[in-house]
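Have a look at the structure below, then the notes.
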Amino acid sequence: MILHQLIWLHRNYEKNAPAFFELQAWDAIQWLEQGGVHIGPGTQMLDLGCGHGYPGKICAEAGADVTYADYEDLRLEELKKAAFHPIDLNESKLEEYGQFDLVMCSNVLEHLSNPNQLIQNLPKLLKPNGVFYLSWTNWLSPWGGHEFSPWHYLGKTSGSIHTVGENLFKTYIGNILKTIHAQQDLSVKRMAPRYYNELGFLMQLPGLREFLAWNCALQIQCSTEAHSSS
């Protein structure tokens with residue numbers, strides 16, 4: 001459980017931002033490895049919506065071949081020599097970016113006006129048996145309103161950075177799972193309330209999980225059979 005550490009680091013965000021993002025990334029990667037995902041030499045990884053690029057950085061240090069993609073290039077200077085693709089996840093054709101063993105997309109979905117564009121096209125980014133790590137802040141999370149949380153529970157829809165309908169969109173775990181399950185070539189292998197992964201049982205409580213998960217994390221896998229026939 002790292003939620004308490006993240007909250008502490010966030011108290012002085014400008015100073016602690018590197019430690020904050022690195023802790024998030026380490027926690028996600030360790031959760032994937034605990035779920036049997038290999039990350040190392042031979043792994044082709046895409047850090048999708050990479051921001052500063054911390055998940056990709058850690059995977060590269062483990063020996064993975066990492067590609068980065070985002071709307072604009074905000075990567076750490078030390079990562080600038082690695083492959084980068086500009087991408088608009090609301091509109092871009094994902095088949096143009098290649099296929100990977102592992103794709104990690106962290107804290108991006110809630111900022112997409114058309115999240116189904118990404119979810120319905122996940123298989124185009126994955127090799128057979130490839131894994132897609134998807135995590136995002138669901139709207140009814142205690143952090144659903146981001147900087148204006150918890151006032152989003154009382155109807156507030158904008159803050160100093162985000163405005164609902166412009167750069168923050170209401171997403172619900174149940175709806176996202178339905179969209180994934182509607183695709184025969186995708187399956188959700190594991191899910192957890194990110195930052196307290198040990199309490200994965202909370203995700204088996206429809207309705208309640210919308211409030212109890214600070215951030216939803218999914219380990220999604222593409223099937224060999226469906227992928228080969230597409």
Next item on the list: Would you tally the residues in region 70-96 being surrounded by fewer than 19 Cβ atoms within 10 Å (Cβ to Cβ), in a helix (DSSP H, G or I) and at pLDDT below 90?
Entry: 2
Notebook entry, point to check: Right, Leu46: touching a residue at least 40 places away in the same chain (Cβ under 8 Å) and under 14 Å from Ile87 (Cβ atoms) or not?
Noted result: yes
Margin query: Residue pairs, Cβ under 7 Å, 6 or more apart or interchain, first in region 112-126 and free of Cβ contacts under 8 Å to residues at least 40 places away in the same chain, second surrounded by fewer than 16 Cβ atoms within 10 Å (Cβ to Cβ) and assigned to a helix (DSSP H, G or I). List them.
Written below: Lys124/Glu95
Next item on the list: Taking Met1 as meeting all but one of (1) in a helix (DSSP H, G or I); (2) in contact (Cβ under 8 Å) with a residue 24 or more places away in the chain; (3) more than 17 Å from the chain's Cα centre (by Cα), write down the number of the exception.
Entry: (1)
Item checked: helices (runs of 4 or more DSSP H) (entirely within region 152-230) containing at least 1 residues that are buried (at least 18 other Cβ atoms within 10 Å of the Cβ), touching a helix residue (DSSP H, G or I) at 6+ places or on another chain (Cβ under 9 Å) and of a type outside the set (A, V, I, L, M, F, W, C) -> 208-212, 224-229
Notebook entry, point to check: Is it the case that some residue within region 19-36 is crowded, with 16+ Cβ neighbours inside 10 Å, in contact with a Leu (Cβ under 6 Å, 6 or more places away or on another chain) and in a helix (DSSP H, G or I)?
Noted result: yes
Note to self: Testing Leu134 on (1) surrounded by fewer than 21 Cβ atoms within 10 Å (Cβ to Cβ); (2) touching a helix residue (DSSP H, G or I) at 6+ places or on another chain (Cβ under 7 Å); (3) in contact (Cβ under 8 Å) with a residue 60 or more places away in the chain, one condition comes back false. Which one is that?
What the structure shows: (1)
Notebook entry, point to check: Is it true that some residue in region 100-112 is of a type in the set (D, E, K, R) and under 15 Å from the mean Cα position of the chain (by Cα)?
Noted result: yes
Next item on the list: Filter region 119-151 down to the residues that are assigned to a helix (DSSP H, G or I) and either of a type in the set (Gly, Ala, Ser) or over 29 Å from Val188 (Cα atoms) (or both), then identify the one that is nearest to the chain's Cα centre (by Cα).
Entry: Glu147
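The values are calculated or read from the model by the stated rules, or taken from the named source; none is laboratory data. Fair warning: this is a prediction, and the values are worked out from it, not measured in the lab. Note that each Cβ is placed from the backbone with ideal geometry, even for glycine, and that neighbours are counted across all protein chains shown.
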